[in-house]
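Please read the structure below before turning to the comments.
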Amino acid sequence: MHFVTGGAFNGKRAWVKKVYKDAVWVSAYENGLLPAELAITTNLLVLEGIEIWIRELTKQHDDANQCREIWNCCLNGWHRWEKADPNRLVVVIGTDITKGIVPMEKENRLWRDVTGWAYQDLAAKAEKVDFIWYGINQTIKSGGDC
Amino acid sequence: MSVLSHNASLIFITGGVRSGKSSFAEKHAEEIAIETGGQLNYLATGVPSDPEMTERIEKHQRDRETGECQWKTVERSVHIGELVSSFNSEDIVLLDCVTTLLNNELFSRGHVWDNLFLTNVQESVVSGILKLKNQAKALIVVSNEVLNEPLAGNELVFTYGKLLGRIHQELVKEADQAFLVEAGVPVLMKGVQR
């Protein structure tokens, strides 16, 4: 798994498109939902807009731990799919929303908290993590295994 | 002043609030001035809107005046590209900061934020910066890290963030050096350390 993060409008999508050609894209910006189980006939899958999906998750479950458990089930599912064939790779793009002022609204605080934890869990599982800053990537983890 | 020896450079610096990005930018400019013997210019874009901002501007001015290096202040709140004839190829110019300039361009004339206007603003900011860069010895541009929090809740904030992100991407692409300042520590993101 390759986790790509960074602030909004920093060029994450363009960077992933440049690095991974001919991938199948599933975008939360388009339909709001990401697949827990993958039934896709491709070896290269990009999941984009993870933070939107995590927000949906926190709307359905107001307990952070429960959200995180569901999230980890998904991560495990993607990981299993990936490991079933050595040619498979899942690239996950998540916008960093965690460095602003504490949100006024409870639901936005929950969203932000769960997103932070979800990214930690994702980064721990990913073999590679890149941070994109205005089009420039910084590999902050590589060669890791779970 | 041979054209061949004129090695124009663009240096892009961002950081969070009170990260030390302005101090670093000034220090960096002064180092280039000492090295090249060029004139230091401070391009002031801020229009003081309240006492707090006036105070902050005065503090920055005092800091520049009490330092060893002599700064020249040039004031311009919009269309900075029109300043091109004010500088020569020996000048070192510091623009602090892009967000202030963008605010001035966006809010000064009560425009409707349609796509045409936003594209024009982006073009005005980026081409203005590149014009000055090509004219001067070095142009140092400071901006703010504001895109690491949710932007989707408010359309104005979202549009602003999108525009600023695009401008930053263009500037980093054009920059010879780019720094992210974290807690006073400049992290070189692009280019080589001088």
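Below are the figures for this structure:
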| item | result |
| --- | --- |
| B:Ser23 in a loop (DSSP other than H, G, I, E, B) and surrounded by fewer than 19 Cβ atoms within 10 Å (Cβ to Cβ) | no |
| Selection within region A:91-143 - farther than 27 Å from B:Phe179 by Cα, small (Gly, Ala, Ser) and in contact with a helix residue (DSSP H, G or I) (Cβ under 8 Å, 6 or more places away or on another chain) | A:Ala118 |
| Among (1) closer than 24 Å to B:Val47 by Cα; (2) within 14 Å of chain A (Cβ to nearest Cβ); (3) in contact with a Lys or Arg (Cβ under 6 Å, 6 or more places away or on another chain), the one test that B:Ala178 misses | (1) |
| Test: residue in region B:66-79 that is surrounded by fewer than 17 Cβ atoms within 10 Å (Cβ to Cβ) and either free of Cβ contacts under 8 Å to residues at least 12 places away in the same chain or in contact with a Cys (Cβ under 8 Å, 6 or more places away or on another chain) (or both) | yes |
| Any hit, region A:53-74, residues being within 13 Å of chain B (Cβ to nearest Cβ) and basic (Lys, Arg) | yes |
| Failed condition for B:Phe179, given (1) outside any helix (DSSP H, G or I); (2) aromatic (Phe, Trp, Tyr); (3) more than 13 Å from the chain's Cα centre (by Cα) | (3) |
| Helices (runs of 4 or more DSSP H) wholly inside region A:1-95 that include at least 3 residues being closer than 30 Å to B:Leu163 by Cβ and more than 12 Å from the chain's Cα centre (by Cα) | A:12-19, A:28-31, A:50-60 |
| Residue in region A:130-142 that is within 12 Å of the chain's Cα centre (by Cα) and of a type in the set (Ser, Thr, Tyr) present | no |
| Residues located in region B:127-165, provided they are outside any loop (DSSP other than H, G, I, E, B) and within 13 Å of another protein chain (Cβ to nearest Cβ) | B:Val141, B:Ser143, B:Asn144, B:Val157, B:Phe158, B:Thr159, B:Tyr160, B:Gly161, B:Lys162, B:Leu163, B:Leu164, B:Gly165 |
| Qualifying residue in region A:98-106 (condition: surrounded by 12 or more Cβ atoms within 10 Å (Cβ to Cβ), basic (Lys, Arg) and in contact with a strand residue (DSSP E or B) (Cβ under 9 Å, 6 or more places away or on another chain)) | no |
| Candidate set from region A:92-146 (those that are of a type in the set (Lys, Arg) and at the interface with chain B (Cβ under 10 Å from one of its Cβ atoms)); member that is farthest from B:Gly191 (Cα to Cα) | A:Arg112 |
| The one condition in (1) closer than 17 Å to B:Gly46 by Cα; (2) of a type in the set (Phe, Trp, Tyr); (3) touching a His at 6+ places or on another chain (Cβ under 7 Å) that B:Phe107 fails to fulfil | (3) |
| Condition check for A:Ala8: within 14 Å of chain B (Cβ to nearest Cβ) and loosely packed, with under 13 Cβ neighbours inside 10 Å | no |
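For (1) touching a residue at least 40 places away in the same chain (Cβ under 8 Å); (2) in contact with a strand residue (DSSP E or B) (Cβ under 6 Å, 6 or more places away or on another chain); (3) under 19 Å from B:Lys162 (Cβ atoms), each residue gets a yes or a no:
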site	(1), (2), (3)
B:Leu95	yes, yes, no
B:Glu105	no, no, yes
B:Arg109	no, no, no
B:Leu116	no, no, yes
B:Ser124	yes, no, yes
B:Lys131	yes, no, no
B:Leu139	yes, yes, no
B:Glu145	yes, yes, yes
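Every number in this text was worked out from the coordinates using simple rules, so none of it is lab data. The structure presented is a predicted model; accordingly, all values stated were derived computationally and were not measured. Cβ sites come from the backbone with ideal geometry, for glycine too, and all protein chains shown count toward neighbours.
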